[in-house]
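Enquirer: Have a look at the structure that comes next, please.
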Amino acid sequence: MSNHTQEHRTVAPILDAIANWVKKYRQAVGLRGELANCGAEEVALIARDIGVSPEELRFAASKGPHAADELPKLLPALRVDPQKLASDDPAIMRSLERFCISCGHKNQCQHDLAAGTAVSHYRDYCPNAMSLDELFHSK
């Protein structure tokens, strides 16, 4: 194997990670910018329409469009249908999404979801653990 190929294999993952970070940063800045172009009344109207406060809307926008992507992956692992939950009780789903957006354990959650171990570990770090356990006990 040539030195060039070995260098490429070493550098490629680093460059990919940097590119992904730049992409996520641009998405987050874009969302904040779009919301910043709205007046206070418009932000309040949008927030009211989706059932959150203007501050929560700004916070969610600052986290980017994929800030709660783990939730719809975790729910089926826990035998909860995310579509049905969102339809049957949108307030509960929004509450779960809010906690997911603010979670500081995304990497652990993603790792556990990918490894198929989320069901046995989510209680260790998930801010939704108590609520999700309540959902199970009510079934």
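Enquirer: Going by what's in this entry, would HIS105 be described as open to solvent by 80 Å² or more (accessible area, probe 1.4 Å), of a type outside the set (S, T, N, Q) and at pLDDT below 90? Walk me through how you get there before you give the answer.
Expert: Working: open to solvent by 80 Å² or more (accessible area, probe 1.4 Å): yes; of a type outside the set (S, T, N, Q): yes; at pLDDT below 90: no.
No: the conditions fail for HIS105.
Rundown of residues vs (1) open to solvent by less than 30 Å² (accessible area, probe 1.4 Å); (2) at pLDDT below 85; (3) part of a loop (DSSP other than H, G, I, E, B), yes/no style:
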position: LEU45; (1), (2), (3): no, no, no
position: GLU55; (1), (2), (3): no, no, no
position: HIS66; (1), (2), (3): no, no, yes
position: LYS73; (1), (2), (3): no, no, no
position: VAL80; (1), (2), (3): yes, no, yes
position: LYS84; (1), (2), (3): no, no, no
position: SER87; (1), (2), (3): no, no, no
position: ILE92; (1), (2), (3): no, no, no
position: ARG98; (1), (2), (3): no, no, no
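Enquirer: Does region 25-35 contain any residue that is within 20 Å of SER102 (Cβ to Cβ) and at pLDDT 85 or above? Spell out the reasoning first.
Expert: Step one: list which residues in region 25-35 are within 20 Å of SER102 (Cβ to Cβ), which gives 25, 27-29, 31-32, 35.
Now drop any that are not at pLDDT 85 or above, which leaves none.
Looking for residues that are within 20 Å of SER102 (Cβ to Cβ) and at pLDDT 85 or above, one finds none in region 25-35, hence no.
Enquirer: Can you tell me which residue within region 121-131, out of those that are assigned to a helix (DSSP H, G or I) and within 16 Å of the chain's Cα centre (by Cα), is farthest from LYS73 (Cα to Cα)? Spell out how you get there, then give the answer.
Expert: Just the residues of region 121-131 that are assigned to a helix (DSSP H, G or I), to begin with: 121-124, 129-131.
Imposing the further condition that a residue be within 16 Å of the chain's Cα centre (by Cα) reduces the set to 122, 129.
Details: TYR122: 12, ALA129: 14 Å.
That would be ALA129.
Enquirer: Follow-up. Quick one: would you say ALA19 is of a type in the set (Gly, Ala, Ser), modelled with pLDDT of 75 or more and in a helix (DSSP H, G or I)?
Expert: Numbers: of a type in the set (Gly, Ala, Ser): yes; modelled with pLDDT of 75 or more: no; in a helix (DSSP H, G or I): yes.
Spelling it out, it is not the case that ALA19 is of a type in the set (Gly, Ala, Ser), modelled with pLDDT of 75 or more and in a helix (DSSP H, G or I).
Enquirer: So, ALA118, is that one open to solvent by less than 60 Å² (accessible area, probe 1.4 Å), farther than 22 Å from SER62 by Cα, over 13 Å from the mean Cα position of the chain (by Cα) and not basic (Lys, Arg) or not? Explain how you work it out, then say what you get.
Expert: On the way: open to solvent by less than 60 Å² (accessible area, probe 1.4 Å): yes; farther than 22 Å from SER62 by Cα: yes; over 13 Å from the mean Cα position of the chain (by Cα): yes; not basic (Lys, Arg): yes.
When the stated conditions are applied, ALA118 passes them.
Enquirer: Cβ contacts < 8 Å: first residue under 13 Å from CYS100 (Cβ atoms) and of a type in the set (Gly, Ala, Ser), restricted to region 44-68; second residue part of a loop (DSSP other than H, G, I, E, B) and open to solvent by less than 80 Å² (accessible area, probe 1.4 Å), any location; separation 6+ or different chain. Result?
Expert: That search, which allows pairs on different chains as well, returns ALA60/VAL52; ALA60/ALA67.
The values are calculated or read from the model by the stated rules, or taken from the named source; none is laboratory data. Values in this document were obtained by computation on a predicted structure and should not be read as measured data. Here the Cβ is made from the backbone with ideal geometry for all residues, glycine too, and neighbour counts use every protein chain on show. Please note that ligands, DNA and RNA were not included when accessible areas were found on the heavy atoms of the full protein model with its side chains. Shrake-Rupley method; radii C 1.70, N 1.55, O 1.52, S 1.80 Å.
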